[in-house]
Protein chains: 2
Amino acid sequence: MSHPHPELSSPPELPDGGLRIVALGGLGEIGRNMTVFEFGGRLLIVDCGVLFPEEEQPGVDLILPDFDYIRGRLDDVEAIVLTHGHEDHIGGVPFLLRERADIPLVGSRLTLALIEAKLTEHRIRPVTLGVAEGQRHRFGPFDLEFLSVNHSIPDALAVAVRTPAGLVLHTGDFKMDQLPLDGRLTDLGGFARLGAEGIDLLMSDSTNSEVAGFVTSEREIGPVVDDVFRTAQERIIVACFASHIHRVQQVLDAAVANRRKVCFVGRSMVRNMGVAGELGFLNVPDGILIEQRQIEDVPPDRLVLVCTGSQGEPMSALSRMANRDHQIRITDRDTVMLASSLIPGNENAVNRVINGLTRWGARVVHKGNALVHVSGHASAGELLYVLNLTKPSNFMPIHGEWRHLKAHARLAELTGVPKENIVIAEDGVAVDLVDGRASIVGAVPAGYVYVDGLSVGEITETSLKDRRILGEEGFVSIVIGVDSSTGKLVAGPEIHARGAGISDADFDAVIDRIEEVLREAAADGVGELHQLNQLIRRTVGRWVNDNYRRRPMIVPVIVEV
Amino acid sequence: MSHPHPELSSPPELPDGGLRIVALGGLGEIGRNMTVFEFGGRLLIVDCGVLFPEEEQPGVDLILPDFDYIRGRLDDVEAIVLTHGHEDHIGGVPFLLRERADIPLVGSRLTLALIEAKLTEHRIRPVTLGVAEGQRHRFGPFDLEFLSVNHSIPDALAVAVRTPAGLVLHTGDFKMDQLPLDGRLTDLGGFARLGAEGIDLLMSDSTNSEVAGFVTSEREIGPVVDDVFRTAQERIIVACFASHIHRVQQVLDAAVANRRKVCFVGRSMVRNMGVAGELGFLNVPDGILIEQRQIEDVPPDRLVLVCTGSQGEPMSALSRMANRDHQIRITDRDTVMLASSLIPGNENAVNRVINGLTRWGARVVHKGNALVHVSGHASAGELLYVLNLTKPSNFMPIHGEWRHLKAHARLAELTGVPKENIVIAEDGVAVDLVDGRASIVGAVPAGYVYVDGLSVGEITETSLKDRRILGEEGFVSIVIGVDSSTGKLVAGPEIHARGAGISDADFDAVIDRIEEVLREAAADGVGELHQLNQLIRRTVGRWVNDNYRRRPMIVPVIVEV
C-alpha cells in the first residue's frame, strides 16, 4: 500500500492522458467531502461539504475545504456533482459559489432541492442540472454515469467518471439495505456491469469499514417506533436529524396509526420536510401536521413533536427542554425518543440531555436502550460485496479517518486488489491515474478553513491556540502608563485577571516587584516598549506560576502618555 | 419513588435512633464518591474520591466533594472506610486529611497500600486500620462488617453498616465475575445471609444498570491478549489504567509465554505495580522486568511496554507516540493494544490517538475491534441477583448519573421493592432511615470544589464561565488614559484582541467612534469610571457584533494619569 509521505512536495505536471484526483476534504476526517478530478486541463468537483468543529476548534462554526488549489482555475470547473443532500457533502457549496456563482450544480431532484433551499438563504440562485440513476451526461472531458445508492437520506447517487484515462467509480455515501423503506436499492447490478467493463479505480465509502458484518435494515426500526407510540403516556418528542426523511416518515406513519398530530419544530426541520413533502419523498397525510402555535390546543396524549437536537446541541429545543429553559416543560408523563446515531464527539452533550430529561421524569428512548437508529454506511461485510462485484484494478478508500481508510484498504487487499495498487491518501494528496495505475505523486495545501460568524478564513491556528490557552487558563492584563518623553512610569500598574481564578486584589503582592523591575530597567537603560513588555510578562508569569501553578495568558499593555 | 425536589431545604434535626445518609458525591455523576453516615452525633465516611473534569470545566485538574457539610464536625468522624483503591473512591483523601490528619483510614491491604503511596507524595502519614472480608469492626456506634466483592481492581470490599437504626449494605463498586482471575468472588452467600437477617437499606452500584445481561468474564480477555502476542511483528505497547492489576498480570503472563521482557512506563504505573507486586497481588516472574533505560538493549520483537494513556490523555506517553513527539517512534511493525474501557467524554481524544498510531502504520487493537476490556461493574442481569438475594426493605441506587440511578430504581421495583421505599437521591440530599423507612428529608450544599494548580476551591463558576467565553470567542481589551483631574482623554484608545480573530489594525475603524462616545459623555457630564467603562464596552461590543457576528469578552481598562 502506498502511504503519503508527511513531506510530499507539489505534484508535477499531469501527464497527457492522465487523470488527477485531489481530495480537498474527507480523507482523514469524516466531513467536508470534496474531490477534484482533473483531465486535459478541465476540472470536475464531486461534493463540497462542511466539517463540524470539535473541542480542538473552539468557537468555530464550520470548517470548509481550502479552495486555494482551484481558486485560480474556477473557470476550468465543468460542474459540481453532489452525491446527496447531507451537510458534509453540500454545506460548502454556498461558500464556493461566492467565488464563481455559475458553476453548474449536478444532482438528484431531492439533493438539488435541498441545496437550492440553502442557497436561497445565502441569496444565491444557482445553475442546476437534475440527473437520475441510469443517466449519462458529459461535462467537457468527463463522461458521467449515475447509479442509485441507498443511504440515510433519499435520492443518493454514486457516480462513474469516464475519461480517456479510465473508469473511476465514486460510490458517494451508501449502505446496502436489502429491504429499504422506499424500495430504492444500491445498484449492485450496475456496479457489477461496470466491474465487467473494467473499473480502473474504485473510490468507496470507508465510514464503517471497521465494523464487522452487516447494517440492520431501516425497516427494523418501525416496530420499535410503534411500540414507543403504543406505550407513551402523554406527549411524544422525537429528536432526529433534519435530513432523515425516512425516520420522519416512520414517525408520521406511527402518528397516523395512533391518531396523534405532528408538529415540526425548528427552522431546518420545517424547511427540509417542506421540500421533501413537495417532491413526494415524504408522504404527509392530510391534516396530520399542526403549527407550533397550535400545540396547546392538542391534548398531550394526541401530540408528537419532531425536532432536532439529537446530538445534544446546547441551543437546540431539546437541550433547552432538558435544562427547563424552554416553554415545553418536561414531566414524568413525557416520552422522548432520540432517533439518531451519536456522532463521535457528541457523547457528553447527548449524555447531559438524557440525564436532564430523566431528571424531570421523562422516559427517554435512545440508541443505548432501543433500536431507534441504524447506520447510513455499509459495514465491512457489505464493503466486501462491493469490492468483489467491482473488481477494481486500483482502490482508494474515501470518506473516513485514518483508521477507517486503513481498515478499508485491508478489506480490498483481502479481496485480491494488489497491495501496490491500493492508495491511502490524505486530504490534499494528488493521486494520478496514468496507464491504468493509480499512484501518489505529490500534495497540495488542504488545511482547515474556519467559518466564524461572518468571517471565512480569518480565524487562524494562532487564534485557536490563543482560545485554547484562554479557555483553560484565562488571562492577566497589566496596564502601565509611561511618559512618552521621559519613559517614566506615570500610571499603573493596573492588573486585571479574568478566568484565571485570581482576584484583582491578590495582585497587590506583585505590583512592587513590577515597579522594581521597571526601575532596574530604567537604570540599565532598557527602554524599548517590547523589552519592557517582555520584562513585565516574565515577572508576572513567574509570580503566577510560583504562587498558583497556573499559566494564564499574560498581556502587558504599555500606554504612552 | 421519591425524587428530590430541586429546592429542598436544610434537613431537620436527626430524630433519636435515626440514621442519616448524605452523599457528598457519586449521586448524579460517576466520580468523587463520598457518603457520610450519621448516628447519635457521630459520623462515618465511606469513600472520598475525585471526579475528573469534562469540557464544561476547562483547565480544572480535579473536582472534589464539598467538605463543608462536615467541616465543623471533623472531630465527630469515627473513620473513613475505603471500599477499593480507585481514584474516584480514594483521590479526595489527601485533601480531607489536610483538614484533620488523624481520621482513621479503614480498608483492605491493597487499598491502604495504594492510598498510603499517594499520601506519601502529599507528605501525609495516615492512621490506618487494615481489614479483610469476613471481619467485623466497631467504630463508635457503627458496627461494620466487610464482604469481598469482585471489581476491576483486586481486594475490593462491600461494607454492611449496623446501627440501632438498622442494617445498611453499601456494595461499593462490584461485578460478579463467576470465574475471576484471582478466584475472589463477590460474596453472594454473605449478601444472602444479610438479606435473611433483614437489610433495611441497600445502597448498590448503578454504573451499568442500563446495560442488559451479564458482564463477560475477565478470563475471556486472556486468549485475545495471547493472540496479539503471538501475531505481533515487533514491539508490543499495551496501554491500560495504572490500577488494573489483573490486566497487567495477563500481559506479564503472555510476555512469559512469548519470551518477551516488560517495561512499565510512567510514574503511576511503576508505583502501583510496585505496590501490587510487594503485596503479592501481582505475580512478577523473576527477570522479566526491565528499566526504561534498558529498552534499547532488548530486540523489538522481545519487548513489551506497559503504559497509561489509554484515555487519550494529551500529555501521556501514548499520545506523544501518536504525535511522533516521543523518543519511541511508532513504525508499521509495532502493535499497540488499548486494553481499557473508554470513559465517556474521552472518545475524541482516544480516537485521535488511534488515528495517529494508525497513520504511522501501527496495528492498533482496541475495544472497537477486539475483546480487550470488560467492564468492572455489574450489568442489569447481575444487579437483579443482588436485589433478589438481599431483599432490602428500602433501596437507594448509588454510583451513577441520573439515567443510571433511575434505571437501577426500576430494577428494584421489578424485584418487588415497594415504589415508595425507593429513594433516588442526588448529591447533598439527606436521607433518613427512621423506623425502618428511608426517606428524603432535606438537602445540604454539595457543589463542585475545583482543584486547579495549587489552589483548592478558588476557581469558581464565574471563573469557569469566563474561561468558556474566552475559549470560544477570545477577548478585546481597550485601554484609555484619562487625566485624573480633568477627566480628559490623554492616551489611547489602544485596542488589542487575542483569540477573537480580529487583527489589532482592524480596530482603527472603531477608534473614532470610541473617542466620539467619550466626548459626548464628557459633554453630558458622564464621568464615573464605571459609566465610561460601560459605554466603551457597549460601543466596541456592538461594533464587533455588527461587523463579525461574534461576541468576544470586551475588557475596557481606564487608567487615570
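The values are calculated or read from the model by the stated rules, or taken from the named source; none is laboratory data. Quantities reported herein were computed from a predicted structural model and do not represent experimental measurements. Glycine gets a Cβ as well: all are built from the backbone with ideal geometry, and neighbour counts include every protein chain shown. Surface areas here come from the heavy atoms of the whole protein model, side chains and all, with no ligands, DNA or RNA. Shrake-Rupley method; radii C 1.70, N 1.55, O 1.52, S 1.80 Å.
Counting Cβ atoms of other protein chains within 10 Å of each Cβ in A:497-506 and taking the mean gives 6. Each part gets one Cα centre, and for the range A:430-471 versus the range B:64-80 those centres are 53 Å apart. Calculate what fraction, in whole %, of the accessible area of the protein assembly as shown sits on carbon and sulfur atoms when a 1.4 Å probe is rolled over the protein chains. Ligands and nucleic acids excluded, carbon and sulfur give 48 percent.
Legend: mean number of C-beta atoms from other chains within 10 angstrom of residue C-beta atoms, peptide A:364-371, equals 2. With the whole protein complex present, A:His496 retains an accessible surface near 60 Å², based on a 1.4 Å probe.
Taking the Cα centre of the protein assembly as shown as origin and assigning +1 to Lys and Arg Cβ atoms and -1 to Asp and Glu Cβ atoms, the resulting dipole is close to 1800 debye. Evaluated over the Cα positions of the range B:85-172, the convex hull gives a direction-averaged projected area, one quarter of its surface, of 5.8 nm². If R₀ is 51 angstrom, what is the calculated FRET efficiency for the pair B:Glu7 and A:Gln135, using the beta carbon separation as r and rounding to 0.05? Using R0 = 51 Å, I get an efficiency of 0.20. For the residues of A:445-457, the average number of beta carbons from a partner chain within 10 Å of their own beta carbon is 2. Chain B packed on chain A takes about 5500 Å² of accessible surface away from a 1.4 Å probe, both sides summed. Using a 1.4 Å probe on the heavy atoms of the protein chains only, list every residue of the range A:519-561 that has 40 Å² or more less accessible area in the complete assembly than in its chain alone. Buried by the other chains: A:Arg549, A:Arg550, A:Val557, A:Val559, A:Val561. For the range B:433-447, the Karplus equation 6.51 cos²θ - 1.76 cosθ + 1.60, evaluated at θ = phi - 60°, returns couplings of 9, 9, 6, x, 10, 8, 8, 7, 10, x, 8, 10, x, 8, x Hz by residue, with Gly and Pro reported as x. Note on the range A:461-560: Rg/Rh from Cα positions, Kirkwood definition for Rh, rounded to two decimals, is 0.99. Kirkwood hydrodynamic radius computed over chain B comes to 26.5 Å, based on all pairs of distinct alpha carbons.
If only the Cβ of Lys and Arg carry +1 and only the Cβ of Asp and Glu carry -1, the dipole of the range A:218-365 around its Cα centre is close to 320 debye. Relative to the dominant Cα principal axis of chain A, helix A:188-197 is inclined by about 90°. For the protein assembly as shown, the per residue solvent-accessible surface stands at 39 Å², with DNA, RNA and ligands left out and a 1.4 Å probe. Among beta bridges from DSSP that stay inside chain A, the antiparallel ones total about 55%. Helical content alone sets the calculated 222 nm signal of chain B at -9000 deg cm²/dmol, taking -39,500 (n - 2.57) per DSSP H segment of four or more residues and averaging over every residue.
Only protein heavy atoms count here; on that basis, with a 1.4 Å probe, B:Arg549 has an accessible area of about 130 Å².
Just report the Cα centroid separation between the range B:315-394 and the range B:139-163, whole Å. Result: 29 Å between the Cα centres. Computed over the alpha-carbon pairs of the range B:218-365, the distance histogram in 10 Å steps reads 12, 45, 37, 6, 0 percent, short to long.
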